[in-house]
Amino acid sequence: MKWYCYIICAVLIVVGIFSTINLVKLFNVSSQEYGSVITIETKNNYGEISKFDLGSFTLQPISGNNYSETITFGPQTFDGSGKDYLILFNGKPANNIDSNSGQISGDVSITFYDLEGKEITTANFNVAIQYYVSQTIITISMTNENDSVSYLSNYTNTNGAVISVVERSAT
């Protein structure tokens with residue numbers, strides 16, 4: 001063999017080594033976080049009062065088309081008077097907030113669409129949280145219109161359900 005064949009082989013070996021190192025780095029599985037999640041609480045400078053991770057829940061029929069679910073948690077403190085509070089369901093703010101000493105409630109509306117983007121149904125439900133000395137009770141109730149209970153159940157099975165109570169005027 002001639003001398004330039006040895007040089008070409010040496011260059012190919014060096015390129016092969018660097019390519020192998022880069023392939024190992026490329027296909028190495030690692031868990032990393034890029035950026036950060038901005039929640040509605042941090043964006044609007046809300047002070048979180050309490051947070052409840054419901055996981056998934058199934059609404060039970062109570063009468064006719066009315067469905068409800070009651071979930072019990074440990075005791076938490078809440079003074080519903082004198083401040084402006086907000087209920088967040090999976091980060092979505094509730095409407096018609098009514099709060100007083102020891103309880104807060106609000107209405108949540110989630111619209112479901114098909115693959116073409118057409119509206120299928122809207123799940124309108126009420127979230128009521130009652131704070132007692134020994135426990136905290138969350139009651140979710142709704143009227144089943146256009147199979148909205150089934151859609152809400154599938155939504156919570158996929159996305160879970162997290163209810164947060166935040167103080168709107170926190171600084």
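Points worth noting:
- Longest DSSP-loop-exposure-free segment, GluC sites (Glu not before Pro), the chain, at most 10 other Cβ within 10 Å: 34-115
- Candidates 15, 149, 127, ranked by Gaussian network fluctuation over the chain, Cα under 10 Å, top entry: 15
- Ordering 104-111, 59-66 by mean Cβ neighbour count within 10 Å, with the highest value first, yields 104-111, 59-66.
- Exposed-site-free run, longest, the chain (rule: trypsin sites (Lys or Arg not before Pro); DSSP loop; at most 16 other C-beta within 10 Å): 3-82
- The stretch 140-160 and the stretch 83-130 have their alpha-carbon centroids 12 Å apart.
- For the stretch 40-161, the Kirkwood hydrodynamic radius from C-alpha pairs, put into Stokes-Einstein at 37 °C and a viscosity of 0.692 mPa s, yields a diffusion coefficient of 213 µm² per second.
- Extension reserve of the residue 25-residue 9 stretch, reckoned as 0.36 nm per residue once the Cα distance is removed: 3.3 nm
- Site-free segments of the chain were taken between chymotrypsin sites (Phe, Trp or Tyr not before Pro) in DSSP loops having at most 13 other Cβ atoms within 10 Å, sites themselves excluded; the longest one is 35-131.
- Approximating the spin labels as points 7 Å out from Cα along Cα→Cβ, the residue 130-to-residue 58 distance works out to 2.5 nm.
- For the chain, size of Cβ-based charge dipole, Lys and Arg +1, Asp and Glu -1, in debye: 920
- By the Kirkwood approach, averaging reciprocal distances over each pair of separate Cα atoms, the stretch 111-150 gets a hydrodynamic radius of 12.2 Å.
Computed from the coordinates by the stated procedures, all read-outs in this text should not be read as laboratory data. These figures come from a predicted structure and were not determined experimentally. Positions of Cβ are generated from backbone atoms using ideal geometry, with glycine treated the same way; all protein chains shown enter the neighbour counts.
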